[in-house]
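The values are calculated or read from the model by the stated rules, or taken from the named source; none is laboratory data. Computed from a predicted model, the values in this text were never measured in an experiment. Counting neighbours? That spans all protein chains shown, and the Cβs are built from the backbone with ideal geometry, glycine included. Note: accessible area is taken over every heavy atom of the protein model, side chains too, but ligands, DNA and RNA are not part of it. Shrake-Rupley method; radii C 1.70, N 1.55, O 1.52, S 1.80 Å.
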Amino acid sequence: VQLQASGGGSVQAGGSLRLSCASSGRIFSSTSVAWFRQAPGKERAFVASVNWGSRSTFYDHSVKGRFTISRDTAENTVFLQMNSLKPEDTAVYYCAALTGSPYITAPNSYKIWGQGTEVTVSS
C-alpha cells in the first residue's frame, strides 16, 4: 500500500483547505491513518487520526474544533478538513498509516508514509 497526499496550498488566515490522502490499495479495518505536520526547523508533529473500521478519531489539542478528519471507504481516501486556519498551521503535511489504535501519536510508530503536501497560511 502506498499513500498519496494532496490538497495543500496557500490561504489567508481564517481560510480553509481540504487535504486528501489516497491509498493505492484496500485499507483494512484495523488500520489507523493519521496526519502529521512539520514546520520549518521543527519536529514532525501529530495532527489527527482516524481508525478505518471504527471511525474513532483523535486530535491534537492545537487543531481540535478547527480540523476534521474523515475517511471514504469507497475511495480508500482519508480527508483532513482544515477550517479557521492560522499562520502557525503553516507546515508540510504528511499522511501515515499503522495497524492499530488511532491514539498513537509518535511518528516512528507509523510505518507507511505518503509524500508531503505544503500548506501556507498568511496573516
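Worth a mention:
- Some residue of the range 109-122 being touching a helix residue (DSSP H, G or I) at 6+ places or on another chain (Cβ under 6 Å) and part of a strand (DSSP E or B): yes
- Some residue of the range 47-64 being at pLDDT 95 or above, open to solvent by 40 Å² or more (accessible area, probe 1.4 Å), farther than 18 Å from Ile104 by Cβ and not acidic (Asp, Glu): no
- Any chance Thr73 is open to solvent by 20 Å² or more (accessible area, probe 1.4 Å), at pLDDT below 95 and β-branched (Val, Ile, Thr): yes
- Here Phe79 does not qualify as under 12 Å from the mean Cα position of the chain (by Cα), closer than 16 Å to Gly14 by Cα and surrounded by 13 or more Cβ atoms within 10 Å (Cβ to Cβ).
- Neighbours by Cβ (under 6 Å, 6+ apart or cross-chain): first from the range 96-123, under 16 Å from Val1 (Cα atoms); second of a type in the set (Phe, Trp, Tyr) and surrounded by fewer than 20 Cβ atoms within 10 Å (Cβ to Cβ): Ala96/Trp113
- Candidates are the residues of the range 64-77 that are touching a Lys or Arg at 6+ places or on another chain (Cβ under 9 Å) and assigned to a loop (DSSP other than H, G, I, E, B); the one that is nearest to Thr90 (Cα to Cα) is Arg66.
- Candidate set: the range 86-108, residues that are aromatic (Phe, Trp, Tyr) and open to solvent by 40 Å² or more (accessible area, probe 1.4 Å); chosen: the one modelled with the highest pLDDT: Tyr94
- Considering the range 1-46, and only residues there that are open to solvent by 50 Å² or more (accessible area, probe 1.4 Å) and under 14 Å from the mean Cα position of the chain (by Cα), the residue that is nearest to Tyr93 (Cα to Cα) turns out to be Gln38.
- None of Arg44, Arg71 is touching a residue at least 60 places away in the same chain (Cβ under 8 Å) and in contact with a Phe, Trp or Tyr (Cβ under 9 Å, 6 or more places away or on another chain) except Arg44.
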